[in-house]
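> Sharing a structure here in structure tokens format.
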């Protein structure tokens, strides 16, 4: 799905413009825009566009989720603002943009929800647009909660300046709003989002809303509430009902991270990127980081360049030694590596003359002397720095992240990515169901669902190699399984948060052992600081988070 930007001036201007006394007759406003069915379609699409700002999924969200987890290091230069994430200092754009951009999405969703009831339009389409708006608003609030915890709730368009000056709501109240938005997005037969087979690619579906409802429940340990929702998703996938549509694991794990296999049967929801239009012409010539979208904005991912090692990108994020070693805990059936290693990492393959990285043979990227082709001098791969703390990396640790990289050999193109970011995969549903079974006293029943994910990685039968695990042993097993399946997908930090790693001294010591960057952490700083600009704008009505005062 191409996000529709043209004609959406009303959705993309600043909130304050609603209170200007004079009206430009040539300027679309919220009062003049919401008139037709096409306006409702355009307004819905504009909400999706807020997911591809720099402060949301285009770059900042996966960055601040990945580097604060134990599977990645933040090796961006000390002088760059994103280095504040792992020195746990208050900076600027790394807290301001996530706050601002998620609220832009919420504001657009609220505009649609407040106006669509007055539009003369097809009732089924109206219900779908409402379902999508509820899903997206729930997603934006979900991301604000896991990022900042203490956030301000707007359920309607502010009508006066004072409507912007309200304090944060208790987190438990905001979570209730999130649950209800996802429940409304699921809807009944003729309400809420539609099934995937009835939707344009990229739009939210009932399955996406159900999966996000599960995630919201599990962020708050509501396992019994999540269990029946998961059972319905699984039952649909196995042909048991028609609530959510057909989903399954793709055969090749790497198909989840390439442009060629987007919107596959495993993907429940993903962010849509596109470098070219249907005729093969480039879409835009400027990376639209933040602000009012312009006609020349590209619809591309910006995080790929940060993940990619130098010289193909900025080399800002590195895999941790811990996650690399975790992949070596277990051999695959018949010997060899876990089947997910090749899709997750670039690493040396001794004795393999055909192994390539970005189209170059490994001797070129791992060994001296420098390789020269034309005017390009290629002196191997590297990270931007060794990080902002002593990471104690071994000299021979030549391992780099591979997920979501374009692997374009042309260096002037290598940072531009049209690869969709998968937000929810069916593998997550299987492992979350296993977790819920374990937490509700059905540990033995969890084995088959874990094994479905392990089978794709060619790992041995878990019930054979580790039979009869206790509930606590299964918890640590799921910790391991999820770390391998979802590394570098902005998922790991969610697990760390909800499993109480910051609330338990022994668990936090485990984090410290895995990732030295945690030596800078202080209680409360598992959430980002509220932007100081927001505190100043509201004259202190919005308060700073504990741990950042």
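The values are calculated or read from the model by the stated rules, or taken from the named source; none is laboratory data. The shown structure was predicted, so the numbers you read here are calculated from the model rather than taken from an experiment. Heads up, the Cβs are rebuilt from the backbone with ideal geometry, glycines too, and the neighbour counts pull from every protein chain shown.
> I'm told residue 124 meets every condition in (1) surrounded by 18 or more Cβ atoms within 10 Å (Cβ to Cβ); (2) over 16 Å from residue 530 (Cα atoms) except one. Can you identify the failing condition by its number?
Only one criterion is unmet by residue 124, namely (1).
> Here is a follow-up. Taking the criterion of being over 30 Å from residue 417 (Cα atoms), in contact (Cβ under 8 Å) with a residue 40 or more places away in the chain and surrounded by fewer than 20 Cβ atoms within 10 Å (Cβ to Cβ), would at least one residue in the range 64-80 satisfy it?
No, the range 64-80 contains no residue that is over 30 Å from residue 417 (Cα atoms), in contact (Cβ under 8 Å) with a residue 40 or more places away in the chain and surrounded by fewer than 20 Cβ atoms within 10 Å (Cβ to Cβ).
> Based on this model, can you work out whether residue 426 counts as crowded, with 19+ Cβ neighbours inside 10 Å and free of Cβ contacts under 8 Å to residues at least 12 places away in the same chain?
Judged against the criteria, residue 426 is not a match.
> Looking only at the range 122-129, decide whether some residue is touching a residue at least 60 places away in the same chain (Cβ under 8 Å), outside any helix (DSSP H, G or I) and more than 30 Å from residue 502 (Cβ to Cβ).
The answer is yes, given that some residue of the range 122-129 is touching a residue at least 60 places away in the same chain (Cβ under 8 Å), outside any helix (DSSP H, G or I) and more than 30 Å from residue 502 (Cβ to Cβ).
> Something else now. From the residues in the range 52-63 that are touching a strand residue (DSSP E or B) at 6+ places or on another chain (Cβ under 7 Å) and part of a loop (DSSP other than H, G, I, E, B), which one is surrounded by the most Cβ atoms within 10 Å (Cβ to Cβ)?
Here the answer is 58.
> Name the one entry in 218, 246 that is buried (at least 18 other Cβ atoms within 10 Å of the Cβ) and either without any contact (Cβ under 8 Å) to a residue 60 or more places away in the chain or more than 26 Å from residue 338 (Cα to Cα) (or both).
Result: 218 is the single residue among 218, 246 that is buried (at least 18 other Cβ atoms within 10 Å of the Cβ) and either without any contact (Cβ under 8 Å) to a residue 60 or more places away in the chain or more than 26 Å from residue 338 (Cα to Cα) (or both).
> Continuing with the same structure: Of all residues in the range 293-302, which are touching a helix residue (DSSP H, G or I) at 6+ places or on another chain (Cβ under 8 Å) and without any contact (Cβ under 8 Å) to a residue 24 or more places away in the chain?
none
> Quickly run through the range 442-489 and pick out the residues that are touching a helix residue (DSSP H, G or I) at 6+ places or on another chain (Cβ under 7 Å), more than 22 Å from residue 223 (Cα to Cα), touching a residue at least 60 places away in the same chain (Cβ under 8 Å) and surrounded by 21 or more Cβ atoms within 10 Å (Cβ to Cβ).
484, 487, 488
> Which of the residues that make up the range 181-202 are within 21 Å of the chain's Cα centre (by Cα), within 16 Å of residue 265 (Cα to Cα) and either crowded, with 23+ Cβ neighbours inside 10 Å or without any contact (Cβ under 8 Å) to a residue 60 or more places away in the chain (or both)?
Matches in the range 181-202: 196 only.
> Shifting gears a bit: Please verify whether residue 121 is at pLDDT 95 or above and over 29 Å from residue 325 (Cβ atoms), treating the condition exactly as stated.
Here the answer is yes, as residue 121 does meet what is asked.
> If you check residue 106 against the conditions, is it out of contact with any strand residue (DSSP E or B) (no Cβ under 7 Å at 6 or more places or on another chain), farther than 24 Å from residue 44 by Cβ and either part of a helix (DSSP H, G or I) or modelled with pLDDT of 95 or more (or both)?
no
> Can I ask one more? Taking residue 185, is it within 18 Å of residue 109 (Cβ to Cβ) and either touching a strand residue (DSSP E or B) at 6+ places or on another chain (Cβ under 7 Å) or outside any helix (DSSP H, G or I) (or both)?
Taking the combined requirement at face value, the residue does not satisfy it.
> Of all residues in the range 334-352, how many are surrounded by fewer than 17 Cβ atoms within 10 Å (Cβ to Cβ) and out of contact with any helix residue (DSSP H, G or I) (no Cβ under 8 Å at 6 or more places or on another chain)?
Total meeting the criteria: 6.
> Report, by residue number, each residue of the range 303-347 that is in a strand (DSSP E or B) and either without any contact (Cβ under 8 Å) to a residue 60 or more places away in the chain or over 23 Å from residue 453 (Cα atoms) (or both).
If the condition is that a residue be in a strand (DSSP E or B) and either without any contact (Cβ under 8 Å) to a residue 60 or more places away in the chain or over 23 Å from residue 453 (Cα atoms) (or both), then 310, 317, 318, 345, 346 are the ones that fit.
> Looking at the range 81-97, which of its residues are farther than 20 Å from residue 382 by Cβ, surrounded by 21 or more Cβ atoms within 10 Å (Cβ to Cβ) and touching a strand residue (DSSP E or B) at 6+ places or on another chain (Cβ under 9 Å)?
85
> Against the condition more than 30 Å from residue 314 (Cα to Cα) and buried (at least 24 other Cβ atoms within 10 Å of the Cβ), how does residue 435 come out, does it pass?
Judged against the criteria, residue 435 is a match.
> Let me ask you something else. Quick one: count up the residues across the range 502-517 that are under 13 Å from residue 71 (Cβ atoms) and without any contact (Cβ under 8 Å) to a residue 24 or more places away in the chain.
The total comes to 0.
> Of the residues that sit in the range 376-386 and are touching a helix residue (DSSP H, G or I) at 6+ places or on another chain (Cβ under 7 Å) and at pLDDT 70 or above, which one is nearest to residue 320 (Cα to Cα)?
Filtering the range 376-386 for residues that are touching a helix residue (DSSP H, G or I) at 6+ places or on another chain (Cβ under 7 Å) and at pLDDT 70 or above, the one nearest to residue 320 (Cα to Cα) comes out as 381.
> Same structure again: For the range 158-174, does any single residue satisfy the condition of being surrounded by 14 or more Cβ atoms within 10 Å (Cβ to Cβ), in contact (Cβ under 8 Å) with a residue 40 or more places away in the chain, closer than 22 Å to residue 498 by Cα and within 19 Å of the chain's Cα centre (by Cα)?
No, that holds for no residue.
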